[in-house]
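All remarks here apply to the structure that follows.
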Amino acid sequence: MDAPRFQEIISSEEELRELLGFPSELVVRKQLSALDEHCYNFIAHSPFLLLGTASADGHYDVSPRGDAPGFVQVLDEKTLLIPERPGNRRLDSLRNILQTSAVGLLFLIPGVEEILRVNGRAQIIRDRALLERMEAQGKLPLVAIALEVEECFMHCAKAAKRSHLWDPTTWPERTVIPSLGRILVEQIHPANTSVADMDAYLEESYRKRLY
């Protein structure tokens with residue numbers, strides 16, 4: 001039998017707290033049960049979010065969503081609407097929402113090191129009047145994610161500062177990562193498809209199928 005890969009595994013919150021401590025009163029109190037004016041403002045300026053979901057059998061997924069700043073609609077202090085734009089049709093997030101409804105969001109704004117975190121329960125809706133509020137490029141989303149906010153809070157800038165996330169002088173050259181076309185060809189080996197063919201297909205998709 002192979003030896004365990006890890007020798008010292010933490011298995012309780014008590015162990016974690018002994019090592020890492022407890023949050024300050026400020027950190028505890030910053031968690032809100034509803035959106036406030038600062039959350040509204042952050043969402044209005046955010047063009048990009050990360051959507052975390054979980055399936056009933058314990059599989060997890062994080063998926064990006066992005067559009068013009070303010071693409072997420074705030075209906076009221078407890079309700080957000082996220083348009084579902086055309087994607088790869090895997091429907092990972094949507095299938096998970098159907099199963100458990102649990103959702104976690106991270107809102108990002110380019111150049112802003114702080115992040116807004118929002119957690120809650122979601123439904124998939126297709127109310128015409130609400131979809132019309134999220135029209136883009138003359139097209140309505142076919143469905144939207146309606147999130148009932150359970151908790152929200154600002155996350156400090158430590159991770160962004162440590163990573164120099166928004167400092168362009170630290171960014172690598174684009175060429176360190178191959179094109180997605182090359183990656184896909186080398187991963188799945190599609191028949192009679194060159195890297196140039198795959199790159200061209202993806203570029204056409206970006207031009208014609210964003211909305």
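We did not get these values from a lab; they are worked out from the coordinates using the rules stated. Because the structure is a prediction, the values reported are computed rather than measured. Every residue, glycine as well, gets a Cβ built from its backbone with ideal geometry; the counts of neighbours run over all protein chains shown.
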TODO: Determine, for each peptide in 104-113, 4-13, 26-35, 165-174, the mean count of other beta carbons within 10 angstrom over its residues, then list the peptides with the highest first.
DONE: 104-113, 26-35, 165-174, 4-13
Task: Cross-link reach list, lysines versus K139, counting only Cα pairs under 21 Å and skipping chain neighbours closer than eight places - done: K208
Task: Theoretical FRET efficiency, 1/(1+(r/R0)^6), r = Cβ-Cβ of E114 and I10, R0 30 Å, to 0.05 - done: 0.55
Task: Label-point separation, L26 to K78 (7 Å along Cα→Cβ), nm - done: 3.1 nm
TODO: Using Cα positions and a limit of under 28 Å, work out the lysines in reach of K161, with same-chain residues fewer than 8 apart set aside.
DONE: K30
